[in-house]
Amino acid sequence: MAATDTLLNEYGSQLDGLLVASDPLSIGVMKGLAKHDVTAGKDVQLISYDDLEFASYLTPSLTSIWLPKVELGYAAVLHAETLVKFPRHWHVRNIIPGQFHYRETFNLD
């Protein structure tokens with residue numbers, strides 16, 4: 001919540017949206033926004049990662065990006081293995097497609 005307070009105090013109405021690292025962290029962000037009478041999806045756009053089950057039950061419901069955890073883990077292990085075997089080739093890039101689950105905290109209009 002302190003980070004949300006800092007952002008709102010510093011940027012105020014200039015702040016259009018927030019991308020939060022995880023759904024559980026987004027709960028704190030939403031609480032911080034409410035403390036300043038700011039509503040996610042109405043006053044500020046809010047997107048998170050994980051798409052945990054509770055995201056759809058929050059009020060307002062949380063827009064979240066789902067990423068395939070098994071594929072992420074597999075890619076991480078392969079990347080770590082590559083780093084061990086070929087330390088000079090550390091610039092490997094993996095693209096793992098996810099899915100946007102649009103809910104009330106993000107307005108497409």
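Yes or no, residue by residue, for (1) out of contact with any helix residue (DSSP H, G or I) (no Cβ under 8 Å at 6 or more places or on another chain); (2) modelled with pLDDT under 95; (3) surrounded by 12 or more Cβ atoms within 10 Å (Cβ to Cβ):
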{"residue": "1", "(1), (2), (3)": "no, yes, yes"}
{"residue": "7", "(1), (2), (3)": "yes, yes, yes"}
{"residue": "30", "(1), (2), (3)": "yes, no, yes"}
{"residue": "45", "(1), (2), (3)": "yes, no, yes"}
{"residue": "48", "(1), (2), (3)": "no, no, yes"}
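Applying a threshold of 8 Å to beta carbon distances and a minimum spacing of six or more residues, or different chains, the list of pairs starting in segment 62-86 at a residue that is over 28 Å from residue 33 (Cβ atoms) and free of Cβ contacts under 8 Å to residues at least 12 places away in the same chain and ending at one that is β-branched (Val, Ile, Thr) and in a loop (DSSP other than H, G, I, E, B) reads 82/92. Per this entry, residue 108 is counted among residues that are within 30 Å of residue 33 (Cα to Cα), without any contact (Cβ under 8 Å) to a residue 40 or more places away in the chain and exposed (fewer than 12 other Cβ atoms within 10 Å of the Cβ).
Of all the residues that make up segment 37-61, how many are under 12 Å from residue 16 (Cα atoms) and without any contact (Cβ under 8 Å) to a residue 60 or more places away in the chain? Even if it seems obvious, please write down each step before you answer.
As a first pass, look at segment 37-61 and keep what is under 12 Å from residue 16 (Cα atoms): 38-47.
Keeping just the survivors that are without any contact (Cβ under 8 Å) to a residue 60 or more places away in the chain gives 38-39, 43-44, 47.
Total meeting the criteria: 5.
Of everything listed in (1) over 11 Å from the mean Cα position of the chain (by Cα); (2) small (Gly, Ala, Ser); (3) buried (at least 17 other Cβ atoms within 10 Å of the Cβ), the single unmet condition for residue 26 is (1).
The values are calculated or read from the model by the stated rules, or taken from the named source; none is laboratory data. Please read all numbers here as calculations on a predicted model, not as lab measurements. Ideal geometry is used to build each Cβ from the backbone, glycine not excepted, and the neighbour counts take in all protein chains shown.
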